[in-house]
Amino acid sequence: MKPSGLKICVVVPVHHVMTKLENFSFQRILKIFSDRKIVLIGPPFLEEYIDSLCENHDNISRLFFDRVFQRGVRYYSRLFMSKSFYKHFLEYDYMAISQLDVFMVKDDLDYWCNQGYDNVGAPLFEGYEKASTTMRDHGNNGGFSLRKPASCYKVLSDLKMTYSNIFALWNMERTLPWKLFRVLRDGVIFNYRLKSLRPVINEDVYWSIIVPQKFSWYKVCEPEKSKYFAFDTNPRYLYELCNNTYPMAIHAWWKYDKAFMNEVIEALGCKKDLQYYTGKDTI
């Protein structure tokens with residue numbers, strides 16, 4: 001697809017020296033988005049390593065965020081819920097955030113940016129990691145997501161407090177055990193820590209479920225459509241639902257269905273690359 005005229009960047013968090021599978025994922029990102037602006041973000045102690053990743057790539061730049069990355073994934077979610085983070089990307093109309101466990105299939109960013117959503121991500125299923133085949137009717141996974149930085153910045157500027165409504169958390173889940181878990185964890189334990197006055201809720205849940213309940217103008221892509229954007233859990237099932245077509249990306253690609261992903265790697269002609277970067281031609 002030809003460029004849409006929108007200014008788009010691809011943001012890749014780098015938490016540590018990459019594993020072989022992560023490096024393969026990273027090389028796919030570089031290949032698929034070779035004509036895009038790519039921004040690597042990470043902690044200062046990885047500056048030399050991250051600089052080495054930028055070598056010989058004129059389209060890559062980097063940003064460093066200190067304390068958030070050093071304190072673990074739970075606090076890393078706060079980075080993606082901070083106004084200061086999105087301020088760095090206000091020059092872009094859209095940002096695609098890709099973790100290093102994402103297998104990039106193709107570049108459909110122009111198409112998805114033209115759909116006008118503030119947030120797009122892979123659909124969620126009941127049960128999450130132990131997923132059923134019941135797709136949730138709202139919310140998405142943030143492993144690979146598309147966002148409007150200006151919309152995120154506006155939300156965080158307009159919010160006086162980032163507490164999550166207890167009733168909104170209760171309504172996120174369908175079964176009583178999950179409802180109680182969500183309210184206890186995200187509504188009490190995480191949500192009301194007096195030390196920080198900031199939630200520690202997963203950032204993808206925050207942006208795809210909590211924010212649109214607070215701001216009616218904030219548009220999240222519905223799961224029936226976003227399944228064509230990215231897969232997470234149940235990748236083979238989603239592939240069949242999408243009439244045997246691949247999405248732009250598959251998150252946690254070596255985790256949920258290795259047999260399916262080996263078929264994808266074979267179909268896309270990636271076995272030699274997998275062999276080169278990992279020493280194996282299957283996962």
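Checked against (1) surrounded by fewer than 20 Cβ atoms within 10 Å (Cβ to Cβ); (2) farther than 22 Å from TYR92 by Cα; (3) not β-branched (Val, Ile, Thr), LEU6 passes all but a single condition, namely (2). Checked against the criterion of being assigned to a loop (DSSP other than H, G, I, E, B) and at pLDDT 95 or above, the candidates SER34, SER61, SER4 yield just one match: SER34. In region 226-249, the residues that are in contact (Cβ under 8 Å) with a residue 60 or more places away in the chain reach residues that are polar (S, T, N, Q) and in a helix (DSSP H, G or I) with C-beta atoms within less than 9 angstrom, at least six apart or across chains, in these pairs: PRO247/SER226. Scan region 246-263 and give yes if some residue there is at pLDDT below 95, β-branched (Val, Ile, Thr) and over 16 Å from HIS138 (Cα atoms), otherwise no. No, region 246-263 contains no residue that is at pLDDT below 95, β-branched (Val, Ile, Thr) and over 16 Å from HIS138 (Cα atoms).
Taken together, the residues in region 214-244 that are part of a loop (DSSP other than H, G, I, E, B), surrounded by fewer than 21 Cβ atoms within 10 Å (Cβ to Cβ), in contact with a strand residue (DSSP E or B) (Cβ under 9 Å, 6 or more places away or on another chain) and hydroxyl-bearing (Ser, Thr, Tyr) amount to 1. Residues considered: LEU46, LEU40, LEU79. Of these, the only one that is more than 22 Å from LEU156 (Cα to Cα) and at pLDDT below 95 is LEU46. Applying the selection to region 11-33, what residues are among the hydroxyl-bearing types (Ser, Thr, Tyr) and over 9 Å from LEU100 (Cα atoms)? Within region 11-33, just THR19 meets the criteria.
Applying the criterion of being assigned to a strand (DSSP E or B) and in contact with a Lys or Arg (Cβ under 7 Å, 6 or more places away or on another chain) to the residues of region 80-96, the residue that is nearest to LYS258 (Cα to Cα) is MET95. Residues in region 274-283 that are in contact with a helix residue (DSSP H, G or I) (Cβ under 6 Å, 6 or more places away or on another chain) and in a loop (DSSP other than H, G, I, E, B): ASP281, THR282, ILE283.
Specify the residue that is surrounded by the most Cβ atoms within 10 Å (Cβ to Cβ); the eligible residues are those in region 257-273 that are in a loop (DSSP other than H, G, I, E, B) and free of Cβ contacts under 8 Å to residues at least 60 places away in the same chain. In this case the residue turns out to be ASP257.
A residue that is over 26 Å from GLY42 (Cβ atoms), part of a strand (DSSP E or B), charged (D, E, K, R) and touching a residue at least 40 places away in the same chain (Cβ under 8 Å) cannot be found anywhere in region 105-114.
The values are calculated or read from the model by the stated rules, or taken from the named source; none is laboratory data. What you see is a predicted model, and the numbers here were worked out from it, not measured in a lab. Note that we place each Cβ from the backbone using ideal geometry, even for glycine, and neighbour counts take in every protein chain shown.
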